[in-house]
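Q: Quick one: structure below, then a few questions.
The values are calculated or read from the model by the stated rules, or taken from the named source; none is laboratory data. All figures in this text were calculated on a predicted structure; none of them were measured in a lab. Every residue, glycine as well, gets a Cβ built from its backbone with ideal geometry; the counts of neighbours run over all protein chains shown.
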Amino acid sequence: MRPARAIRTAAAVLLLTSALAGCAKPGGTDGDLLDDWAMLGAAKVPEPVIGQCRDSTGLNAYDPAAFDGPFKDVPCDGPHQFEIVATGQLPADLAASGERPGRDRFAALFPQCEDLAAKYLGGEWQAGRLYLYLQPPSTTQWRGGARFFHCDVAAIGPDGDTIEPATTSVKDAVRAAGPLAQGCFVTAGADADNLFATATPIACDQPHDMEYAGYVTAPAKSDYPKTDDANDDLFGTACENKMLAYLGMSRATYDRQKDIYYVWWRPSGQAGWNAGEHSSRCYFLLHNRKLSRSVKGIGDATL
């Protein structure tokens with residue numbers, strides 16, 4: 001019996017030795033299975049892409065949903081409300097905040113948005129039937145580490161308020177004779193002030209009664225104009241002068257004209273003002289008559 005037991009014991013020792021040999025580390029390794037795996041990087045918020053088109057629940061240019069979303073990316077060759085026309089990174093003082101600052105803190109970046117947008121659009125955004133939005137990261141994106149901003153453009157419909165879905169890109173749309181460049185218009189209807197309800201774009205060699213003359217910007221540190229009278233006080237004289245410069249008409253001649261009016265127009269409200277948009281578009285309006293040519297540079301001619 002002893003020899004058999006000795007054989008079994010020897011076999012057990014052999015098996016154990018073989019098992020231990022199987023667990024031994026191969027040459028050139030440290031035996032640590034964990035330290036040679038690359039760690040996964042932290043999730044990164046996707047950067048906005050110039051030329052990306054987007055949709056929102058916002059229907060009006062001044063609707064808070066047009067500023068704060070929610071947004072979804074959509075193809076530019078289908079109906080969409082917004083297009084990203086420029087991007088940038090926030091300055092250090094804003095980027096250092098733990099929580100996303102209020103929108104008014106980003107207002108100083110709006111002029112940068114305007115300059116960048118002009119390069120994409122082919123002209124200043126006010127010269128188009130457009131509205132420009134400065135979009136900082138959402139609260140969720142901010143908490144995820146995003147510190148970018150982007151500049152979005154939306155087309156505005158004939159009523160001057162409603163965002164008009166587009167089906168093509170706004171790239172170069174404001175260049176001379178571009179598809180969204182402001183020019184001549186036919187007005188119709190009457191609003192609460194008995195002025196007009198809509199202004200539909202039309203070629204200037206067709207009968208029309210209104211024409212874009214340029215835009216003006218409110219003086220620095222101006223308060224938001226809450227009423228039409230406040231808007232007129234802030235922009236009226238400046239728009240009148242802008243129109244006269246566009247016409248090349250002296251004030252004396254203008255004062256003798258009975259059917260020429262200036263019009264100021266702002267599609268944005270308090271949210272836009274807080275975001276840094278302080279401009280107003282200016283127009284020539286011919287009352288109760290129509291022309292079939294541009295009034296640019298007509299001088300002191302009687303209309």
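Q: Can you work out which of the residues in the range 243-288 that are within 26 Å of the chain's Cα centre (by Cα) and in a helix (DSSP H, G or I) is surrounded by the most Cβ atoms within 10 Å (Cβ to Cβ)?
A: Taking the range 243-288 first, the residues within 26 Å of the chain's Cα centre (by Cα) are 263-283.
From what is left, the residues that are in a helix (DSSP H, G or I) are 270-274.
Numbers: Gln270: 11, Ala271: 18, Gly272: 24, Trp273: 20, Asn274: 17.
If we take residues in the range 243-288 being within 26 Å of the chain's Cα centre (by Cα) and in a helix (DSSP H, G or I), then Gly272 is surrounded by the most Cβ atoms within 10 Å (Cβ to Cβ).
Q: So which residues in the range 54-71 are assigned to a strand (DSSP E or B) and of a type outside the set (D, E, K, R), if there are any at all?
A: Filtering the range 54-71 for residues assigned to a strand (DSSP E or B) gives 54-56, 60, 71.
Within the range 54-71, Ser56, Asn60, Phe71 meet the criteria.
Q: Suppose we filter the range 171-194 for residues that are surrounded by 13 or more Cβ atoms within 10 Å (Cβ to Cβ) and either of a type outside the set (S, T, N, Q) or closer than 26 Å to Gly122 by Cα (or both); how many remain?
A: From the range 171-194, those surrounded by 13 or more Cβ atoms within 10 Å (Cβ to Cβ) are 171-175, 178-187; that's our starting set.
Next cut, either of a type outside the set (S, T, N, Q) or closer than 26 Å to Gly122 by Cα (or both) only: 171-175, 178-186.
Selection size over the range 171-194: 14.
Q: Answer with yes or no whether Pro46 is at pLDDT 70 or above and part of a loop (DSSP other than H, G, I, E, B).
A: Details: at pLDDT 70 or above: yes; part of a loop (DSSP other than H, G, I, E, B): yes.
For Pro46, the condition - at pLDDT 70 or above and part of a loop (DSSP other than H, G, I, E, B) - is met.
Q: In the range 176-217, how many residues are among the hydrophobic types (A, V, I, L, M, F, W, C), within 23 Å of the chain's Cα centre (by Cα), at pLDDT 90 or above and more than 13 Å from Trp265 (Cα to Cα)?
A: 2
Q: Separate question: Checking the condition buried (at least 18 other Cβ atoms within 10 Å of the Cβ), at pLDDT below 95 and in contact with a Phe, Trp or Tyr (Cβ under 8 Å, 6 or more places away or on another chain), which residue from Gln126, Gln81, Gln135 passes?
A: Values: Gln126 fails: at pLDDT below 95; Gln81 fails: in contact with a Phe, Trp or Tyr (Cβ under 8 Å, 6 or more places away or on another chain).
Gln135 is the lone residue from the list that is buried (at least 18 other Cβ atoms within 10 Å of the Cβ), at pLDDT below 95 and in contact with a Phe, Trp or Tyr (Cβ under 8 Å, 6 or more places away or on another chain).
Q: Can you name the residue in the range 55-81 that is within 13 Å of the chain's Cα centre (by Cα) and of a type in the set (A, V, I, L, M) and is also nearest to Pro267 (Cα to Cα) among such residues?
A: Top of the filtered list is Ala61.
Q: A further question on this structure: Counting only residues that are aliphatic (A, V, I, L, M) and either closer than 25 Å to Asp228 by Cβ or touching a Pro at 6+ places or on another chain (Cβ under 8 Å) (or both), how many does the range 152-195 have?
A: Looking only at the range 152-195, we keep the residues that are aliphatic (A, V, I, L, M), and these are 153-156, 163, 166, 170, 173-174, 176-177, 180-181, 186, 188, 190, 192, 195.
Among the residues that remain, those that are also either closer than 25 Å to Asp228 by Cβ or touching a Pro at 6+ places or on another chain (Cβ under 8 Å) (or both) are: 154-156, 163, 166, 173, 186, 188, 190, 192, 195.
Residues in the range 152-195 being aliphatic (A, V, I, L, M) and either closer than 25 Å to Asp228 by Cβ or touching a Pro at 6+ places or on another chain (Cβ under 8 Å) (or both): 11 in total.
Q: Of the conditions (1) in the same structural domain as Pro64 (by TED's automatic domain parsing); (2) within 21 Å of Arg266 (Cβ to Cβ); (3) touching a residue at least 40 places away in the same chain (Cβ under 8 Å), Glu114 clears all except one; give me its number.
A: Checking Glu114 against (1) in the same structural domain as Pro64 (by TED's automatic domain parsing); (2) within 21 Å of Arg266 (Cβ to Cβ); (3) touching a residue at least 40 places away in the same chain (Cβ under 8 Å), the one that fails is (3).
Q: Between a residue in the range 254-267 that is within 24 Å of Gly157 (Cα to Cα) and any residue that is of a type in the set (Ser, Thr, Tyr) and surrounded by fewer than 21 Cβ atoms within 10 Å (Cβ to Cβ), which pairs come within a Cβ distance under 7 Å, given they are 6 or more apart or on different chains?
A: Taking only residues 6 or more apart or on different chains, the pairs are Pro267/Tyr62.
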